[in-house]
Amino acid sequence: GEDVEQSLFLSVREGDSSVINCTYTDSSSTYLYWYKQEPGAGLQLLTYIFSNMDMKQDQRLTVLLNKKDKHLSLRIADTQTGDSAIYFCAEFLYTDKLIFGTGTRLQVFP
Amino acid sequence: DAGVIQSPRHEVTEMGQEVTLRCKPISGHDYLFWYRQTMMRGLELLIYFNNNVPIDDSGMPEDRFSAKMPNASFSTLKIQPSEPRDSAVYFCASSSAGGGYTFGSGTRLTVV
């Protein structure tokens, strides 16, 4: 089936690392994505990982993929107040559809 | 490229009226998606097109909703008649095969 789950909220102090977790159910996923949504805006593509990779790093962002457990995480190093947003993970299926998770609202406090 | 362009940004209408939302995808993208976002249900895929042809409309809530893509640079989502429960933010997104989606800024629809 197609189901992507995330925790709803995460609160971190500025300068700390944030880790946002995601689980998915469809093992045929080819790509897994992370999107960011700021208030009043559309979803912005942050990064993605191909399903045969374990890790991808892009500046402050690190994506870890555990394909056996169908678990994906996004780590944001040195979290800033500008990182406050809703973060969506999504799995890309062979049907060319992206299935989105429920989104995790990240709040960064000083 | 100006990205995916949606109009209007905001729409307030009375129950029973027809509403038309518009989308211009990124040139060269052959997939177009319509999503609806609400607090209760999150992001829901309503329908998507490939090369202007509807591929999967299983997410369209009911017959009051219809979508068209008359050419590669334009799509509409129509709700007739509209109801208060249709109030949501409607997003259009486009992509090329296997690519990540690019989203528009959305249309915030309020039906009173």
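Here are a few things to note about the model shown:
- More than 16 Å apart - percent of Cα-Cα pairs taken over the stretch B:5-59: 57
- Karplus 3J(HN,Hα) series, Hz, for the stretch A:97-110 with 6.51 cos²θ - 1.76 cosθ + 1.60 (x for Gly, Pro): 9, 9, 9, 8, x, 6, x, 10, 7, 9, 10, 10, 10, x
- Cβ-defined net charge surrounding A:Gly40, 12 Å radius [Lys, Arg +1; Asp, Glu -1]: +1
- Positive dipole terminus of chain B, leading residue within B:Met39, B:Asn51, B:Ser82 (C-beta point charges): B:Met39
- Lysines whose Cα lies under 21 Å from that of A:Lys97, excluding same-chain neighbours fewer than 8 positions away: A:Lys36, A:Lys67, A:Lys70, B:Lys24, B:Lys68
- Sorted largest first, extent of the protein assembly as shown alpha carbons per principal axis (Å): 49, 38, 35
- Net charge of Cβ neighbours under 15 Å - reference A:Tyr87; Lys, Arg +1; Asp, Glu -1: -1
- For the stretch B:73-93 versus the stretch B:23-55, the gap between their alpha-carbon centres in whole angstrom: 11
- Dimensions (Å) - chain B, Cα atoms, principal axes, largest first: 37, 26, 26
- Dimensionless Rg over Rh [the stretch A:36-86; C-alpha; Kirkwood]: 1.01
Here, each number is a calculation from the coordinates, and none is a lab measurement. No experiment lies behind these values; they were computed from the predicted model shown. Ideal geometry is used to build each Cβ from the backbone, glycine not excepted, and the neighbour counts take in all protein chains shown.
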